[in-house]
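This report concerns only the one structure given below.
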Amino acid sequence: IRAHASLNTLNWGNSLNNFSDISDYLMVNRSKEFNKGPESNCLFVSPAHPEVIRVLTELNSELVNNYPDLYGINYNFLRFKDGSYQNYKEEDFGFEKNIVNLFKENYGIDPFSISFDSVSNSPWMKWVDFKENLITNLLIKSQSFF
């Protein structure tokens, strides 16, 4: 038998009791709402929040160091909260302050000013690529103890 751990990476439940400042931890849309879209009842945390990165690193370390016979780790919900292209203005998540500030620092563009398009290298595509890279980098950072 091969045992795997399953880690709900960015979906941290559906209760606000665990969050001191919603705008700081939770994925929010342009209107700073966390409860929109198909997953409106799920609370997703920001992949750019330092405390989220710290907690995920600790969890990974604990699993690897305390369970040496563990065959693998399934990183479930290692993504941004689901939205739809039809309603992207209300369901595009990633507008919490850590992500917005990082994007502004890297590209000099305010993500709140970006409009949806499919043109290569447009501000929208830079925003999409930036958020994809945040997810990849979160996994790399959370495994920095290996």
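Here is how the number arises for the chain: DSSP H runs of 4 or more residues each give -39500 (n - 2.57), the sum is divided by the residue count, and the result at 222 nm is -11500 deg cm²/dmol. Of the trypsin sites (Lys or Arg not before Pro) found in region 61-146, those that fall in a DSSP loop while having at most 16 other beta-carbon atoms within 10 Å are Arg79.
Considering only Asp117, Asp92, Asp24, the mean-square fluctuation computed in a Gaussian network model of the chain, springs between alpha carbons under 10 angstrom, is largest for Asp117. Under 17 Å Cα-Cα from Lys104, which lysines qualify once same-chain neighbours fewer than 8 residues away are excluded? Qualifying lysines at Cα under 17 Å: Lys126, Lys131.
Could you give the semi-axes, largest first, of the ellipsoid that matches the chain, computed as the square roots of 5 times the alpha carbon gyration tensor eigenvalues and rounded to whole Å?
Gyration-tensor ellipsoid for the chain: 28, 17, 14 Å.
Output the relative contact order of the chain, whole-number percent, from Cα pairs under 8 angstrom with separation of 6+ residues. Don't skip to the end; give the middle numbers.
Values: 204 pairs, mean separation 44.5, N = 146.
About 30 percent, as a whole number.
Maximal additional length on extending the Asn87-Leu59 stretch stands at 6.6 nm, based on 0.36 nm per residue less the C-alpha distance.
Could you compute the FRET efficiency for His4 and Lys141, with r as their C-beta to C-beta distance and R0 at 22 Å, rounded to 0.05?
Details: r = 21 Å, r/R0 = 0.97.
In this case the efficiency is close to 0.55.
Quick note: the coordinates plus some simple rules give every number you see, no bench work behind them. Since the model is a prediction, treat every value here as computed from it, not as a measurement. Glycine also receives a Cβ, built like all others from the backbone with ideal geometry; neighbour counts cover every protein chain displayed.
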